[in-house]
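**Q** This is the structure I have questions about; it appears just below.
The numbers here are math on the coordinates, done by the rules we state, and not lab data. Computed from a predicted model, the values in this text were never measured in an experiment. Quick reminder, even Gly has a Cβ in these numbers, built from the backbone with ideal geometry, and neighbours come from all protein chains shown.
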Amino acid sequence: MAMKPAPKASETSVTSIMSAADIYRTHFAEYPDVLTAEQVSKILGKSTKTVHALLNKGEMQYFQIGRVKHIPKLYLLHFMKLIDRNVIVD
């Protein structure tokens with residue numbers, strides 16, 4: 001199943017209509033809650049090299065286990081500015 005890149009935050013007014021919890025549950029529902037850089041690259045429509053650069057610059061939060069960088073879906077939504085960083089989703 002081919003995944004389409006997600007819409008940019010500027011292309012949607014979803015934050016004014018949906019709660020943070022609704023955004024979390026509906027955006028990228030086909031993906032797991034914790035993503036790899038490869039999955040994030042597919043979602044953003046960018047190369048994995050670009051995603052790793054964003055992670056290394058600290059522009060996107062992640063945690064690392066061994067050599068693999070993991071990005072919780074919530075961190076991706078923060079990066080895309082679909083959810084405010086101060087919001088905690090239950």
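**Q** Under the classification rounded if a/c is under 1.5, otherwise prolate if a/b is larger than b/c and oblate if not, where does segment 9-79 fall, given a ≥ b ≥ c as square roots of the Cα gyration tensor eigenvalues?
**A** Taking the square roots of the gyration eigenvalues as a ≥ b ≥ c, segment 9-79 is prolate.
**Q** Apply the Karplus curve 6.51 cos²θ - 1.76 cosθ + 1.60, θ = phi - 60°, to the phi angles in segment 62-79 and return the couplings in whole Hz, x for Gly and Pro.
**A** Karplus values, whole Hz, x for Gly and Pro: 6, 10, 10, 10, x, 9, 8, 8, 10, 10, x, 4, 4, 5, 5, 5, 4, 4.
**Q** Which ³J(HN,Hα) values in Hz, rounded to whole numbers, follow from the phi angles of segment 22-28 under the Karplus curve 6.51 cos²θ - 1.76 cosθ + 1.60, where θ = phi - 60° and Gly and Pro get x?
**A** Taking θ as phi minus 60°, the curve returns 5, 4, 4, 6, 9, 7, 6 Hz for segment 22-28.
**Q** Now for a separate question. For a quick check: with amide H placed at 1.01 Å from N, whose amide H comes under 5 Å from Leu35's, ignoring anything fewer than 5 positions away on the same chain?
**A** Under 5 Å from the amide H of Leu35 lie the amide H atoms of Ile71, Lys73, each far enough along the sequence or on another chain.
**Q** Oh, and also: May I ask you to compute the full-extension gain from Lys49 to Arg25, defined as 0.36 nm times their residue separation minus their alpha-carbon distance, rounded to one decimal in nm? Walk me through the numbers on the way to the answer.
**A** Details: separation 24, 0.36 × 24 = 8.64 nm, distance 2.75 nm.
So the chain would gain 5.9 nm between Lys49 and Arg25.
**Q** Would you mind ranking Phe79, Phe63 so that the residue whose beta carbon has the fewest other beta carbons within 10 Å leads the list?
**A** Phe63, Phe79
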